[in-house]
Amino acid sequence: MKIFFDENMPYANDFFSDFCKAEELIPFSGRDLTAEQVLDADVLLVRSITKVNEALLKNNNKISFVGTATIGTDHIDQAYLNDRDITFHSAPGCNAISVAEYVISSLVILAERYQLDIQKFSVGIVGGGNTGTRLSEKLTALGIDYIICDPLLEQSKNDNRVFSSLEEVLKCDVISLHVPKVIEGEHPTYHLLDKSRLNNLKNDQIIINACRGEVIDNQALLALKKQGHGLKVVLDVWEGEPDVLMPLIEYTEIATAHIAGYSLEGKARGTEMLYQALCDHIAKQDSSSIEYKYQLVNFLPPANISMIKLNQEFNEVILNQLVKMVYDVRRDDAIFRQQIASQGFDSLRKNYPVRREFSSVQVTLLPNALSDVPHHLGFNKT
Ligand SMILES: NC(=O)C1=CN([C@@H]2O[C@H](COP(=O)(O)OP(=O)(O)OC[C@H]3O[C@@H](n4cnc5c(N)ncnc54)[C@H](O)[C@@H]3O)[C@@H](O)[C@H]2O)C=CC1
Ligand SMILES: O=C(O)C(=O)[C@H](O)COP(=O)(O)O
């Protein structure tokens, strides 16, 4: 069985080498994959930069499984795969914690930079799926008020949370975007933040886009900022990646190369989810029983600093120290500003330095501590 996998997929060799001979487990560069290369692939495992469609697969008559180790699926023509009876799996939620921690780190940094009280922020979350929910849990842990807009979940009636309108969410101090890229249909997200909505934002608001670049009209945002609007902008994703609207960078508070989901755990969870999906697929084909021989916990190394003991009650200063110790988003912002022109977008992503999630660090509280915020925020208890 020939398995083609994106070279930027951690632990792929560990998870997939049992399925085939070593020479049949073939890494590829995601942006450059051609139909010629995957002519005889049985299994194709991609990340978000590979478009999987008829053009890529029309000459391959063997392929039975396509997986993407990502949450977003806008790069996959699922209707085409369905027509050809090719099994498809994505990795829902794999890096949702990572994105939520990117947002928390951004809030901590902006609160410090502008001497704002983080607990007084009101946060409007657009998209109440896996990532929006993980973020809302962390905001709850910190006692920060939030509202969520998600017309699809609201209509589904399977979700008993209270939802707000987009208009209400756009009035919050912080607007955090967590929707898929959807161009058509009843609830499109393409240019959800268009010129008119951007122009209605207030000078003291913060907007964070860590979902897909096209959700904000980047030209309209640049025009607004050039007029001197005070909106604080955090951009992890850009319209037209891997190209970036370079003049926009200087108007951002934090700018990064689509790495919000790039914690080691987040990326590797995507690989593990595809491993499990492929085990299921093969068991179904062979009518055999499913066995997941490998687990991510067996591969993840300990964090560089894996234990912290608090010697006073948790407070905002400690929040600032803990969050920055595990993930200080300014590191990625500095790399981006210094290297985007010389290295290019994809290279910054490919060479991303290791970043861990809060859960990689065990935090011991004071005996009889009054609050347990660090553990609710995601730090490890034991
Ligand atoms: N920057 C990064 O590194 C990453 C970006 N992403 C992006 O973030 C997106 C969201 O991720 P998840 O929350 O995990 O996906 P999800 O699929 O769990 O949730 C998305 C939610 O958005 C809602 N939604 C769809 N259209 C909407 C609209 N017009 N208005 C409000 N809500 C709407 C859906 O109903 C759904 O509940 C992904 O589709 C992906 O494009 C995901 C992971 C990492
Ligand atoms: O999961 C998603 O959706 C994302 O946006 C990922 O962070 C994308 O990472 P790559 O697949 O582009 O490495």
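The values are calculated or read from the model by the stated rules, or taken from the named source; none is laboratory data. Model, not experiment: these values are computed from the prediction. No Cβ is skipped: glycine too gets one built from the backbone with ideal geometry, and neighbour counts run over all protein chains shown.
So the values come out like this:
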| quantity | calculated |
| --- | --- |
| Single unsatisfied condition, residue 92 versus (1) within 16 Å of ligand 1 (Cβ to nearest atom); (2) crowded, with 21+ Cβ neighbours inside 10 Å; (3) within 24 Å of residue 10 (Cβ to Cβ); (4) not small (Gly, Ala, Ser) | (2) |
| Sole exception among (1) within 16 Å of ligand 1 (Cβ to nearest atom); (2) assigned by TED's automatic domain parsing to the domain that holds residue 194; (3) surrounded by 21 or more Cβ atoms within 10 Å (Cβ to Cβ) for residue 221, by number | (1) |
| Odd one out for residue 82 among (1) more than 16 Å from ligand 1 (Cβ to nearest atom); (2) touching a residue at least 24 places away in the same chain (Cβ under 8 Å) | (2) |
| For residue 158: the one exception among (1) buried (at least 20 other Cβ atoms within 10 Å of the Cβ); (2) closer than 29 Å to residue 270 by Cα; (3) more than 9 Å from ligand 1 (Cβ to nearest atom); (4) not small (Gly, Ala, Ser) | (1) |
| Selected residue (only one of 103, 66 is under 26 Å from residue 265 (Cβ atoms) and in contact (Cβ under 8 Å) with a residue 40 or more places away in the chain) | 103 |
| All positions within the stretch 185-238 that are β-branched (Val, Ile, Thr) and closer than 25 Å to residue 74 by Cα | 189, 207, 208, 215, 216, 233, 234, 237 |
| Search result, residues across the stretch 285-316 that are over 30 Å from residue 64 (Cα atoms) and under 27 Å from the mean Cα position of the chain (by Cα) | 301, 302, 303, 304, 305, 306, 307, 308, 316 |
| Selected residue (criterion: surrounded by the most Cβ atoms within 10 Å (Cβ to Cβ)) from residues of the stretch 170-186 that are within 9 Å of ligand 1 (Cβ to nearest atom) and not basic (Lys, Arg) | 178 |
| Residue 51 of a type in the set (Lys, Arg), over 30 Å from residue 326 (Cβ atoms) and touching a residue at least 24 places away in the same chain (Cβ under 8 Å) | yes |
